[in-house]
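Okay, so here's the structure we're looking at.
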């Protein structure tokens, strides 16, 4: 390899060892722990728990759509509440929290060779504020009037008006408060992740030797720190509109024959603020998935990642571009045609770095020694699903194609494929991959295969028909469609079919949860490095890693993260902390 | 915390020129920013994020002001004080701005004396900064009271666009909260300096990390940022 540090040229440590807070009691060890690994598990468990609530909500929605009129308790109001909470929980409280709070906390310190995050105490606070945000969110289910039913985008004016569930009750107030808390909590964690990657790496770990997982999580965190402020501001302003009667977003409006007190506000301003956050949010979820899937593919195909440098720059380019595309969510809100042109152009440009990444994943697989392990299956499924979802994105990114498709089931199918199913597949793959490091035991393979096939095929059976429904013109966010002429018999059958599939796929997730719990005690012993991987988290002296991660001495990094199947080497992988040059293999990019 | 500042600056390999050099510097071993400790890096990145928050607030205010069809109240009349029989425009804001900018001066001096390990002077200057900050918040409370008695409310005011009051209370309130938090932390850090925590390396109560005199500078970064934000609020809200 070109990128190998000779053993005698290791630079001296720039930063001395820092003291860690060592727990004195059960409480400080497992509950108020400052260890990033414990915080990661706490984040993951909380995110999974609230994600299960969102899963149940999606079942309830599908019950109504598939079998309209059968279930009396699903009123139109309740249906809107299910939609809203399902979307908000999945995007923010599950995906964002799990990727950044869960995987970020666990993997960043281990992968960069640090003892912990740079400020463990602030990191701990981050989790507790996140938990508080989740509790406030959950409390809205029990508040008078129930949770908000404004749709996950919370568009004003309807979000705070009487006709919307929770609009004049507690729902919207609790939702906005919870988001504000989430952003505060996330900022505390996010600052830690960024500073740890920038300033807390071990000797020899240059940025261009970081595993792509860290690159993905790092870039997503930087984006989140710059995008969440817009949501924060939007939430504060809407909270003032609702609680104090200001008119930031509320125009002069008549409600049920009554002229409201509001006057002169701009609903479009909210949309701009929301989507300035909302579009980067898509990539805040996608970039960690990109990074993780790169590492899964490289490890399980026993081959170095193709075009590492290009992969890094593609991640950065996607992150930067995603800040200048937000108004493509607002084509139907009305805008100057030149703006539409601008935002359509920037949107389509994102396809370039994204396509580079897809090509590089495929080229990594090309003539690799592919092991069809469960993480690899999920990684392959991700590539296919992401390409599928991305292609429909090209439709929706163009103004003229988007306008007729806007607010149809086509949009639902698109974003579920690209930012729902695809990142979730990576999360599953990543859990199967890193579970042995977290617990010391493997997840059960038979249950895993069952989980994979049902989830992968089931997701397609759920979301593919939705494209068709969307092209027929079936709108989304309608509680009942039975009386509409476009809702043909076949479309109705399709809806019932989708609902049944949704239940089957949901059931497979229960099997997965059982696997997670059962394998903690009964799984096969994994050993320290079951996948024979190169990155530092597999080289820890203990499994699961102890507090401080690496024992007495921090590892020294001599090479990049992708030395698989190096000709001349004894084994088909060379860990990053192994010195020595081997017969030169091909250039990395 | 152990020393996180740079200890070895030699051994720098020659770097490539141009963009490649910039990329190589950023990507260099162990730390992207040499000579920058963890705490300082964290504060800078936090301030960048906070800049986006204030930026969004100000942009929203400008949008509201541009798009309203009702006239915007004239700031020089609204924010005038009657002193000795004549209306003096913006006089209170001028004094407030002067006080806040002065506090940046005392903060900078505190940082200087901190690095000279002059415990007494550092603590006194920090407390003076906190006092100036508290004065600013006090004058802001006076200004709010005056406007409220004149009938300005978040949802309306006697002179024109309702968004005037909403934006005013929201933005100055959010900034005032920042100043208040700053004053509280100034007092906490000043107490640590006064007690000599940074000389003997006493562990923090919550974090159990040892503090250093650099904490004074990190506190200063925050304080200067809050001042800088005020300059923008002053320009865009009061002078426009």
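Can you give the Kirkwood hydrodynamic radius for the stretch A:470-552, in Å, rounded to one decimal and based on Cα pairs?
Hydrodynamic radius (Kirkwood, Cα pairs) of the stretch A:470-552 is 17.9 Å.
Find how many whole Å separate the alpha carbon centroid of the stretch B:57-74 from the alpha carbon centroid of the stretch A:442-503.
The stretch A:442-503 and the stretch B:57-74 have Cα centres separated by 46 Å.
At 0.36 nm per residue, minus the direct Cα-Cα distance, what do residue A:546 and residue A:70 gain on full extension? Give it in nm, one decimal, please.
Contour length minus Cα-Cα distance gives 166.0 nm.
Could you state the principal axis extents of the C-alpha atoms in the stretch A:267-413, from the largest down, to the nearest angstrom?
Dimensions of the stretch A:267-413 along the principal axes of its Cα atoms: 53, 30, 22 Å.
Rg over Rh of chain B, using C-alpha atoms and the Kirkwood radius, what does it come to?
My calculation puts Rg/Rh at 1.07.
Roughly how crowded by other chains is peptide A:262-269, in terms of the mean Cβ count from those chains within 10 Å of each of its Cβ atoms?
Mean partner shielding for this stretch: 5.
Averaging the inverse of every distinct alpha carbon separation and then flipping it gives the Kirkwood radius. What is it for the stretch A:533-589, in angstrom units?
The answer is 12.4 Å.
Report the rotationally averaged projected area of the protein assembly as shown based on its alpha-carbon convex hull, in square nanometres.
The directionally averaged projection comes out at 37.6 nm².
How much length is gained on full extension from residue A:19 to residue A:522, taking 0.36 nm per residue of separation minus their Cα-Cα distance?
177.5 nm
Which whole-number percent gives the relative contact order of the stretch B:38-239, counting Cα pairs below 8 Å spaced six or more residues apart?
Rounded, it is 27 percent for the stretch B:38-239.
At q = 0.10, 0.15, 0.16, 0.21 Å⁻¹, work out log10 I(q)/I(0) for the stretch A:372-526 with the Debye formula, treating every Cα as an identical point scatterer and leaving solvent out; two decimals please.
Once normalised to I(0) and log-transformed, intensities are -0.43, -0.81, -0.88, -1.23.
Separation between the residue B:145 and residue B:180 pseudo-spin-labels, each 7 Å from Cα along Cα→Cβ, expressed in nm?
The modelled label-to-label distance comes out at 1.5 nm.
If you average the alpha carbon positions of the stretch A:505-570 and of the stretch B:94-166, how far apart do those two centres end up, in angstrom?
53 Å
Average projected area of the Cα convex hull of the stretch A:217-352, in nm²?
It is 10.8 nm².
Specify the angular offset, from 0 to 90 degrees and rounded to the nearest 10, of the alpha carbon long axis of helix B:119-149 from the longest principal axis of the alpha carbons in chain B.
Once rounded, the angle reads 20 degrees.
Specify the inter-centroid distance of the stretch B:198-218 and the stretch A:173-246, based on alpha-carbon positions, in whole Å.
26 Å
Less than 15 Å from a label point 7 Å out along the Cα-to-Cβ axis of residue B:67: which backbone N atoms in the stretch A:247-283 qualify, by residue?
Backbone N within reach: A:247-253, A:263-276.
Mind pulling the per residue volume of the convex hull built on the Cα atoms of the stretch B:66-148? Å³ is fine.
121 Å³
Tilt of helix A:212-244 relative to the longest C-alpha principal axis of chain A, in degrees (0 to 90, nearest 10)?
The helix A:212-244 is inclined about 30 degrees to chain A.
Round to the nearest 10 and give me the degree value, 0 to 90, for the angle of helix A:76-88's Cα axis relative to the longest principal axis of chain A.
20 degrees
Compute the orientation-averaged projected area for the stretch A:451-495 from the convex hull of its Cα atoms and round it to one decimal in nm².
For the stretch A:451-495, the mean projected area of the Cα convex hull comes to 3.6 nm².
Before anything else, pin down the relative contact order of chain A: Cα pairs under 8 Å, at least 6 apart, normalised by residue count, whole percent.
That works out to 17 percent.
Across the residues of B:142-154, average count of Cβ atoms on other protein chains within 10 Å?
1
Counting only helical runs of four or more DSSP H residues, what would the 222 nm mean residue ellipticity of chain A come to if each run contributes -39,500 (n - 2.57) and the total is spread over all its residues?
Dividing the helical sum by the residues of chain A leaves -19000 deg cm²/dmol.
Could you put A:553, A:14 in order, starting from the residue whose Cβ has the fewest other Cβ atoms within 10 Å?
A:553, A:14
Give, as ranges by residue number, the residues of the stretch A:197-218 whose backbone N falls under 19 Å from the point 7 Å along Cα→Cβ of residue B:35.
Label zone hits: A:199-200.
Contact order normalised by length for the stretch A:233-303, with contacts defined as Cα pairs under 8 Å and 6 or more residues apart; what percent is it?
21 percent
Modelling each spin label as a point 7 Å along the Cα-to-Cβ direction, I'd like the residue B:86/residue B:48 distance in nm, to one decimal.
Output for this residue pair reads 4.9 nm.
Of B:78, B:183, B:70, which is the most mobile in a GNM of chain B whose springs link Cα atoms less than 10 angstrom apart?
B:70
Using a 10 Å cut-off around each Cβ of peptide B:19-25, what is the average number of partner chain Cβ atoms that fall inside?
Counting Cβ atoms of other protein chains within 10 Å of each residue's Cβ and averaging gives 1.
Kindly give Rg over Rh for the stretch A:1-100, based on alpha-carbon atoms, with the Kirkwood expression for the hydrodynamic radius.
When Rh is taken as the Kirkwood radius, the ratio is 1.31.
Every number here is computed from the coordinates shown, using simple stated rules; none is lab data. Values in this document were obtained by computation on a predicted structure and should not be read as measured data. Neighbour counts run over all protein chains shown; Cβ positions are idealised from the backbone, glycine included.
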